[in-house]
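Asks: Quick one: structure below, then a few questions.
No value in this document is a laboratory result; all are computed from the given coordinates. Keep in mind it's a predicted model, so treat the numbers as computed, not measured. Here the Cβ is made from the backbone with ideal geometry for all residues, glycine too, and neighbour counts use every protein chain on show.
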Amino acid sequence: MTGHTPAPHAQARICPNCHGFATAAITSGLGRDHRGHLRTITVDCPACHGHGTTPLSAAQLTGGRA
Ligand SMILES: [Zn+2]
């Protein structure tokens, strides 16, 4: 894995798993805190890890010609 490698034409598409809504706040069921705020937990999309986009794979980049 190369990790964070800058690419001159970095392309990304909206994550098909969350459609760009990568982070969701979910009520924890623990009621409200001492200030009356609803307790929530934040969950990132497991497919894009909260980015909302997924990088195009090398196959998609190179195999675009028909
Ligand atoms: Zn996602």
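Asks: Label ILE26 and ALA47 with points 7 Å out from Cα along Cα→Cβ: what is the distance between them in nm?
Replies: For the pair ILE26/ALA47, the computed spacing is 1.7 nm.
Asks: What whole-number value in cubic angstrom gives the convex hull volume per residue for the C-alpha atoms of segment 12-53?
Replies: Hull volume over Cα atoms, normalised by residue count, gives 64 Å³.
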